[in-house]
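A short worksheet on the structure shown next.
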Amino acid sequence: YYDLLEITPKAKKEEIKEAYRKLAKRYHPDRNVDDPEAEARFKDVQAAYATLSDSWKKALYDQDLQFSKFGTGASQEVEREKWTEHWDKETPEEREARKERYRRYAAGERPDIPPDRFYVHWTPAIVIGVVGGIFYICVKAPDWLDAQSEPHFCDPMHNDTSVPLVRAFHDPVQNRWERLPEGKDPPTPKQLYAHYMKAKPELMDGLDIRILPKVTLTVMP
């Protein structure tokens, strides 16, 4: 991967990123339409950058690259010729296995790669931010969805047009609303009282006629 990006193992993150950008532009498939191998090189460059730009993946890659044939007694200062000389002795199967390990590093598929570092001291800020965000959304959602703060807003719960309105008049004798048939007018107070005097005189006996409506009955709507 170091050779692929044309950098040294001691390259800093900025140098790794700069090398990746240069090679990604060079091997991008859109710039190499006539080169069938450009796409494969482009993917290799991406895999190399994915591994070497991450500190954990880079450490594992370096460990596997340097120590796989030398054991734990190998030194970080081993010359490149020393820790790569065994590559010429690899069988095709061993070489493919090694490359597959490198691909797994790049894809983050190694089970021993620790998760991204989480800064505990950020927890209060994160919790406050999440709770505050939820509260803000709950407060603002009625305005965002229904414009409830606008002067023309009409709450559908109090303006339900799905139920047809009916006409009714208030019966003061039984103190209840009576529905009017379509196209009919309410009776006059005199007609209503005459009806009750004939049909249910006991109701009229218990009422003070002086407090009952004498001109018209209340009608809605």
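Straight-line cross-link reach from residue 200 at under 22 Å between alpha-carbon atoms covers these lysines, not counting any fewer than eight positions away in the same chain: 190, 214.
Which pairs, out of 13/58; 13/99; 17/43; 43/89; 12/57, put more than 19 Å between their alpha-carbon atoms? The answer is 13/99; 43/89. Averaged over residues, the count of other Cβ atoms within 10 Å places the peptides 182-194, 133-145, 12-24 in the sequence 12-24, 182-194, 133-145, highest first. Heavy-atom accessible area for residue 166, with the other protein chains in place and a 1.4 Å probe, reaches approximately 60 Å².
The values are calculated or read from the model by the stated rules, or taken from the named source; none is laboratory data. The model shown is predicted, which means the values in this text are computed figures rather than measured ones. So basically every Cβ, Gly included, is an ideal-geometry build from the backbone, and we count neighbours across all protein chains shown. In case anyone asks, the SASA skips ligands and DNA or RNA and just uses the protein heavy atoms, side chains included. Shrake-Rupley method; radii C 1.70, N 1.55, O 1.52, S 1.80 Å.
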